[in-house]
1. What net charge do the residues around Val47 carry, taking every other residue with its C-beta under 15 Å from that of Val47, with Lys and Arg at +1 and Asp and Glu at -1?
2. Counting Lys and Arg as +1 and Asp and Glu as -1, what is the net charge of the other residues whose Cβ lies under 15 Å from the Cβ of Asp35?
3. Quote the FRET efficiency, to the nearest 0.05, computed for Glu46 versus Phe68 with a Förster distance R0 of 30 Å and r equal to the Cβ-Cβ distance.
4. What is the calculated FRET efficiency for Asp35 to Tyr15, with r their C-beta to C-beta distance and R₀ = 35 Å, to the nearest 0.05?
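Bear in mind that the values in this text are calculations on the coordinates, not laboratory data. As the structure is a computational prediction, the values presented were derived from the model and not from experiment. Note that we place each Cβ from the backbone using ideal geometry, even for glycine, and neighbour counts take in every protein chain shown.
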Amino acid sequence: MTGYSGGALITTDPYATLDKCVALARQHLAVGDRDNAKRNFELAQEVEPQNAEVSEAFASVSQSMGEFE
């Protein structure tokens, strides 16, 4: 089951949510939309905070936006 709540993608399977957020973030990056890429990586990080792939990609997007913290 998948749905939206307050603009956030919600599924009953957290790994499906993680995969969808990462896929959306990559699509946004491919077209240069770093703001939406960052937002989707943030959502993915909420699902699985210790995911190395998400953390690395999120850090890269943040750095490309001049956010170094």
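1. -4
2. Net local charge, Asp35 excluded: +1.
3. Efficiency at R0 = 30 Å is approximately 0.90.
4. Efficiency computed from Cβ-Cβ geometry: 0.90.
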